[in-house]
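> Structure in structure tokens, see below.
Derivation of every value follows stated rules applied to the coordinates shown; laboratory data play no part. On a predicted model such as this, the values are computed, not experimentally measured, just so you know. In this analysis, Cβ positions are derived from the backbone assuming ideal geometry, glycine residues included, and neighbour counts consider all displayed protein chains.
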Amino acid sequence: MKSFKFALVAVATAAVMAPAHAQGLTYSVGIFSANTDDKRKDDVRPSLVLGANYDFGNGFYAGAAYTTGKFGGQTKARGELALSVGYGQELSSGIFYDLNATRYVYPKSGSENYNELGLTLGYGPVSATYYKAFNTDGFVSDSVSPPYLDVTYSFDINEKVSSYVTLTKTKDDSNLGFELGASYDLGNSLSASATYEKGATPKVVLGLTKSF
């Protein structure tokens, strides 16, 4: 889950901002210094993220991303596939919203598969996203991924550098999660990124992403 979110941020710098994408199909490929799944302390190898997104031009979109590495109960690095659909709009008042559903699939670890709903509300550079997981049978599954709330502030440092700060509150966890990220536009749809994530295993992740 975290790795998929990070891939979106790396590609678009601030994925939680109001949807304003060009209609049609886009692709991305990224290489990162580590997998951002903070539950896997033993997986410190570089990670590859392949993504595709289709914008229908009317607020609806669909996407897919595959991330290499270990996830959940995987004993070997078999990766994570995330399939998503959603709808988002920006109102004339400047308020924007986005509702999406994501299916997380773990090859050869079918019992780990689950679904997640995300609702984003925002205004200007500030947004809040609430995530809720569901089992494959449709029932709520706090054990798979407890509900959590992300509050993000996104800002541009200059014409080339964009950044964001995210605070995360997870159900039944008194500690706040923290993430700080920045990306540098290298031109030709190529960007470099750096993210500090304070989670179960605090880490810094460097990345390079190309969009098509």
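> Which peptide among 57-63, 78-84, 176-182 comes first, and what is the full order, when sorted by highest mean count of other Cβ atoms within 10 Å? If you can, show how the numbers build up before the last one.
Details: 57-63: 14.7, 78-84: 20.1, 176-182: 17.1.
Highest-to-lowest ranking by the protection proxy: 78-84, 176-182, 57-63.
> Next up: Report ³J(HN,Hα) in whole Hz for each residue of segment 124-129, in order, from the Karplus equation J = 6.51 cos²θ - 1.76 cosθ + 1.60 where θ = phi - 60°; Gly and Pro get x.
Per-residue couplings from phi come out as x, x, 10, 8, 10, 10 Hz.
> So what is the diffusion coefficient of segment 70-177 in µm² per second by Stokes-Einstein at 4 °C and 1.567 mPa s, using a Kirkwood Rh over Cα pairs?
Details: Rh = 15.8 Å.
It diffuses with D of about 82 µm²/s by this estimate.
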